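The values are calculated or read from the model by the stated rules, or taken from the named source; none is laboratory data. These numbers come from a predicted model, not from an experiment. Cβ coordinates were reconstructed from backbone atoms using ideal geometry, including for glycine residues, and neighbour counts include every protein chain displayed.
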Amino acid sequence: MHLSEHESPKGKKVSLFITCMGDMLYPETGMSVVEILEHLDMEVDFPAEQTCCGQPAYNAGYWKEAKKVAETFLDAFEESSVIVTPSGSCAAMVREIYPKLFKDDPKNLPRVERIKRITWEFTEFIVEGLGIENLNLRLPKHTVFAFHDSCHSLRHTESKSASRTLMANIENAEVVELESAETCCGFGGVFSVKMADLSGAMLKDKLDSILACPAKVLCGDISCMAHINGGLALRNSDVRMQHLADFLAGSLKNNENSI
Amino acid sequence: MKIQSNHFGQEAAINLKDEALAFAVKKATRKAFDGRLQAMAEISTEHGEQIRMQAASAKRRVLENLPALLELAEQRMTENGMQVLWAKDESEACELVLEIAKDHQAGQIVKGKSMLTEEIGLNDALQKAGVSVLETDLGEYILQLNHEYPSHIVTPVLHKTKESIRDLFIKETGMPFTNDAGQIAGHARKLLRNAFLTADMGITGGNFIVAETGTLCLATNEGNGRMVTSLPRIHVALVGIEKIVATMEDFATLTQALSRSATGQKITVYTNMINGPRRPEDQDGPEKVFVIFVDNGRSKIYASKYAEALACIRCGACLNACPVYHQIGGHPYGWVYPGPIGSIITPLMKGLENASPLPYASSLCGACKVACPVDIDIPRMLLELRNDLVETKLSAPMMNFMMKAWMIVMASKLGYSLSGKAAAWFTNLFPIQKILPPPFNGWAKYRQFPQFSNRSFHSMWKEKAKKDG
Ligand code: SF4
C-alpha cells in the first residue's frame, strides 16, 4: 500500500542512495547492494553529490535545516529514474516527509512529487519493484534466521514482507521470529541522545531478546544496525546483526564459487 | 494537579531503576496489548481494521461539525430533562460542581472514574470546601487511599503490584491479611457499598454523548458507575466538549472500538446510557442530572493543527503499545495524561514551555498510531511539537548550534566528505568512547560508539568505477 503510486522500475538505471550513515559506517553494505543489483542485470550508478536525506534534523524538529539538506538530495538525484537505498527510514523520509517539507515551495514540489514515486527501500525494490521473489540461492547447510525489523520497515515500507519473501526462497534457510520482534530498539535518532537512559533501557530489552534467540539475526536498516551492534559490542558479545544485503551478497558469492 | 512534566528526564531515570515497577508495568501492558490484538482480530484481521477505520471516521466527522453537534446535544439533553452547563476552564468547572453541591445540601459525594475530574483537580476543590468525596472505581480508590495519581488512563494502578495494594488496605482500612486478589477486592467492595447508599451526589465523567438522542454513555467494568448514577439524589457528569458522537450508530461502533482496544473485551461489563433523571414510573435514579461540558483548552486545540488529538477516546492502547511507557510507567510524564497521547495533549493544554521534554519522549517508532482505534497520527504531532519548540526558541541552545553546524556540513559536498574523513580519523585515533562530551556521553553509556570506516562508499565507488573502466 505504500507503493501504490510507484512507477515500474523495470529496465531503468538504478541510482544508489547510500545514506550518510551507510557511507561513513557501512560502505561495504552499499557494495553488497550494488553486487546484487548488478547480478540481477540492473545498471547501477552513484550520484556523487549525495549526502544525507535530512532526517536527523527533521526528527529533531529542525525543519528549516532539514529542508536545506533535502534540497541537496533533490539536486543530486535530479537525473535519476530509480532510487534505491538500503535504509527504510531514509526511503520513508523522502516519500512521506518531503511532500510536507516542500508543500509551500512551488519550485521544488514537482521534483518531490517525481522523486517520491521512484524511491525504494532495497528489498521492496527487488520484490515489489522488479517482481523477483527468488534469488536462486542455496545455503550449504540448514540455517535459522530471525529479523530485526526496523520501525520504518514495519510501518512505512513494504520491507517486512519483502525480506521474508526473499529469505523464504533460499534453500536451507528458515526464518523464525524474535521475541517482541515489533518493539523498537530505542534508537530514534535524537531520542537516543536526548533520552539516553530510556533509549538504553529499550536497547537492553532488545539485546536480551537477540541474545536469547539462537538464530542468526539479520536487519534491513543501517541505523538500527549501528545502534544494536554498538550495544552488543559494549556487552562484549561476539554476536552481531548482519545487514540483509551483506548476507545476500555473501550467499551469492558462495553460490557462484560452488558452481 | 500541578504539572511536573519538565522533570520528565529525572523522574524517568528514577523509575528506570525501579525493578518492581518495570515488572508490573511490562506485565500489565503486555497483557492489555495482546488482549487488544486478539479482540480486534476476533472475527478476522480485516474486521479489526474495519472497526478502526469506522471508528476513526466517526470521530473525524464529529470534529468537522463539533459546534453544531454540541448545540444539538444540549438541545436534546435538555428535552430529556437534564440540565446542561458549560465551563470554560477548570476553575469554572469546579465552581459549578460546588454550587450544585451547595444548592442540594450534598455533603457526601461518590465518584466514578473520570480523567477529566483529575484534569480539573475536582477532588481537591471539593475537599477544600469541606465536601467529602470518595472514589469508587477500585483503582481510583486505591490511589485515593495512597494519595497518588493515576499512572494510566484506563488502569490507573497499573504501576502497583498486588502485594503493595494488599499492604495498603491492611494499613489504611484494617483489612485482615490475605493474598487472594478476590478477597482484597471483596473487602473494598464492602467498604464502598455503604458509601453508595449514604451519598447525596454522584459524580462521573462520560465516555460518549450521543447528540441525536441526547444520551450520556458510560462504559465501566465494576458496576460502580451504575451505582454512582442511580443511587444518590443528584448526578453530575463532567465531560470534555470532544466527547460528542453524532449518532447512536456511531456510538455502537465507538464503544466496541473502545472496549476492544482498552481491555480486549468485546464490550465492557456495564454500558450505561443515561437519558435523563428518574421518571415518575422509574423505580430508581437521581432526581436531577447535570451535564457540565468542559472546554479547558480544548477549543484552542480544535482550532489548531493538532485538532485530531481531540478524536481520542481515552482507550489507553497507545500507552500499552509504547516502548517508552513500558520502561517507566505513567508518572514521569508529570501530569494527568501520560504516554504517547499525553505527550501531545499535556503541552497543548498546559503550555509547551511547561512540558518541553514530552515531545522528545518518543523514538517515533509509530506503534502508538498503529494501535490507536481512531488512527490518531501521534508521531506526526510529536514531530510538529518538536518543530514548535524550535520555532518558539524553546529548544536547547546547544542543539540549535549543533543542528546549524550539521546543516552546513550536510548541505555541501565538500563539507560532507571532509567531515566524514575527520570523523574516521578522529574515531580511529582517540578512545572516542571515553571522551565523548555531553550530550553524547549518554549514548556511549549503552553502546560502543560506531567506528567510522576508513573508506567511505564515495571513495569505494570511485575505485570501482576506475576498475570497471
Ligand atoms: S490516542 Fe488513540 S490509542 Fe491513545 S488513548 Fe487516545 S484513542 Fe486510545
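Structure above, values below:
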{"item": "The range B:330-343, subset within 8 Å of the ligand (Cβ to nearest atom) and within 14 Å of chain A (Cβ to nearest Cβ), residue surrounded by the most Cβ atoms within 10 Å (Cβ to Cβ)", "result": "B:PRO340"}
{"item": "In the range B:266-302, residue farthest from the ligand (Cβ to nearest atom) [restricted to those that are among the hydroxyl-bearing types (Ser, Thr, Tyr) and in a helix (DSSP H, G or I)]", "result": "B:SER299"}
{"item": "Residue within the range B:227-241 that is on the phi > 0 side of the Ramachandran plot and crowded, with 18+ Cβ neighbours inside 10 Å present", "result": "no"}
{"item": "Pick from the range A:8-23, criterion in contact with a strand residue (DSSP E or B) (Cβ under 8 Å, 6 or more places away or on another chain) and assigned to a loop (DSSP other than H, G, I, E, B), ranking: nearest to the other protein chains (Cβ to nearest Cβ)", "result": "A:ILE18"}
{"item": "Residues of the range B:303-329 satisfying the condition of being within 15 Å of the ligand (Cβ to nearest atom), within 14 Å of another protein chain (Cβ to nearest Cβ) and not β-branched (Val, Ile, Thr)", "result": "B:CYS318, B:ASN320, B:ALA321, B:CYS322, B:PRO323, B:TYR325, B:HIS326"}
{"item": "Lone qualifier among A:THR165, A:THR119 - being within 18 Å of the chain's Cα centre (by Cα) and assigned by TED's automatic domain parsing to the domain that holds A:CYS20", "result": "A:THR119"}
{"item": "Hits in the range B:101-117 - residues which are in a helix (DSSP H, G or I) and under 17 Å from B:LEU218 (Cα atoms)", "result": "B:MET115, B:LEU116, B:THR117"}
{"item": "Condition check for B:THR263: among the polar types (S, T, N, Q), away from the ligand (no atom under 16 Å from the Cβ) and assigned by TED's automatic domain parsing to the domain that holds B:VAL84", "result": "no"}
{"item": "Selection status of B:LEU358, more than 22 Å from A:LEU154 (Cα to Cα), surrounded by 23 or more Cβ atoms within 10 Å (Cβ to Cβ) and within 12 Å of another protein chain (Cβ to nearest Cβ)", "result": "yes"}
{"item": "Qualifying residue in the range B:201-212 (condition: in contact (Cβ under 8 Å) with a residue 60 or more places away in the chain and farther than 30 Å from B:CYS312 by Cα)", "result": "no"}
{"item": "Identity of the residue in the range A:57-89, closer than 15 Å to A:CYS20 by Cα and at the interface with another protein chain (Cβ under 7 Å from one of its Cβ atoms), that ends up surrounded by the fewest Cβ atoms within 10 Å (Cβ to Cβ)", "result": "A:THR72"}
{"item": "Residue count for the range B:10-30, restricted to those that are under 20 Å from B:PRO359 (Cβ atoms) and under 19 Å from the mean Cα position of the chain (by Cα)", "result": "3"}
{"item": "Residue within the range B:412-422 that is of a type in the set (D, E, K, R), at the interface with chain A (Cβ under 8 Å from one of its Cβ atoms) and out of contact with any helix residue (DSSP H, G or I) (no Cβ under 6 Å at 6 or more places or on another chain) present", "result": "yes"}
{"item": "Selected residue (only one of A:LEU252, A:LEU154, A:LEU248, A:LEU234 is facing another protein chain (nearest Cβ under 8 Å) and more than 28 Å from B:ASN320 (Cβ to Cβ))", "result": "A:LEU234"}
{"item": "Odd one out for B:MET349 among (1) more than 16 Å from the ligand (Cβ to nearest atom); (2) in contact with a Gly (Cβ under 6 Å, 6 or more places away or on another chain); (3) within 21 Å of B:ILE244 (Cβ to Cβ)", "result": "(1)"}
{"item": "Pairs where the first residue, in the range B:452-468, is more than 9 Å from chain A (Cβ to nearest Cβ) and the second is surrounded by 12 or more Cβ atoms within 10 Å (Cβ to Cβ), C-beta under 6 Å, 6+ apart", "result": "B:ASN454/B:ALA424"}
{"item": "Meets criteria (part of a loop (DSSP other than H, G, I, E, B), surrounded by fewer than 24 Cβ atoms within 10 Å (Cβ to Cβ), more than 8 Å from every other protein chain (Cβ to nearest Cβ) and not aromatic (Phe, Trp, Tyr)) for A:ALA181", "result": "yes"}
